[in-house]
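See structure below.
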Amino acid sequence: MVTLATERLLLRPFRRSDAAEFTRFAGDWAVASMTSDIPYPLTQAQAMAWLRPGRGEVRFGLDLEGQLIGGAGYYRRRSGAAELGFWLGRPWWGCGYATEATRAIVRYGFQSRRLPGFTSSHFVDNRASAGVLRKLGFERVGGGYIISVARGHDVEAATYWLSAHHAVHMPSPRMRVVRDGTRWRTWLGRLAGGPA
């Protein structure tokens with residue numbers, strides 16, 4: 001799996017060593033209750049299982065200066081379109097990290113995977129996720145009810161769509177696809193103004 005580097009973040013595959021931090025941040029009620037598939041309470045064993053992507057899934061750990069702060073990714077639907085999902089640990093809310101990460105993932109999906117479009121949903125009481133999707137250019141196309149494993153019942157949700165055609169006008173993020181650690185360190189050096 002590839003790694004993506006944005007202006008402030010490294011989007012990398014999850015590792016087994018992420019389980020403790022994943023449990024701590026994703027297992028926070030304020031985070032888990034806004035996702036469809038993260039249970040509450042979340043055990044480290046459940047986190048280990050969640051860290052392994054399923055078939056058709058692309059999952060990135062959001063890494064800020066060596067600290068796991070969240071997760072984002074998508075899974076491919078039978079139609080070919082992808083369902084975008086993301087979460088961010090509470091200490092990093094309101095800093096633009098979710099928008100930065102998901103913009104890179106959507107751009108990657110359109111450019112490298114040639115996806116025709118993305119869908120995404122958020123619970124109606126999650127205004128922060130609604131704001132992220134609007135910033136990316138998603139348009140609301142409907143609604144319904146989605147299970148929340150943490151809450152233990154279906155929750156009203158809004159559904160959005162972003163087509164590849166519409167995303168052509170999306171501002172290009174500062175993003176690089178990184179294939180190995182050497183290139184990542186080189187890119188970090190340039191970002192910090194050090195030698196390439």
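Figures for the structure shown
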item	result
Within the chain: Cβ-based charge dipole about Cα centre, in debye rounded to nearest 20 (Lys, Arg +1; Asp, Glu -1)	740 debye
All-pairs Cα distance distribution in the chain, expressed in whole percent, bin size 10 Å	9, 36, 39, 14, 2, 0
Average accessible surface area per residue within region 113-167, 1.4 Å rolling probe, Å²	54 Å²
Separation of the Met1 and Glu65 label points, Cα + 7 Å toward Cβ, nm	2.5 nm
Simple spin-label estimate for Arg78 and Ile147 in nanometres, 7 Å along Cα-Cβ	1.8 nm
Cut-off under 5 Å, modelled amide H: who pairs with Ser148 long-range	His153, Asp154, Val155
Extension gain, Ala30 back to Arg8 (0.36 nm per residue minus Cα-Cα distance, nm)	5.5 nm
Average Cα contact separation per residue, the chain, under 8 Å, 6 or more apart, as relative contact order %	23 percent
With every protein chain in place, the chain: carbon and sulfur % of accessible area (1.4 Å)	50 percent
Mean residue ellipticity (222 nm) of the chain, computed from DSSP H runs ≥ 4 via -39,500 (n - 2.57), nearest 500	-8500 deg cm²/dmol
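The values are calculated or read from the model by the stated rules, or taken from the named source; none is laboratory data. All values reported here derive from a predicted model rather than from experimental measurement. Glycine gets a Cβ as well: all are built from the backbone with ideal geometry, and neighbour counts include every protein chain shown. The protein model used for the area step is the full one, side chains on, heavy atoms only, and it has no ligands, DNA or RNA in it. Shrake-Rupley method; radii C 1.70, N 1.55, O 1.52, S 1.80 Å.
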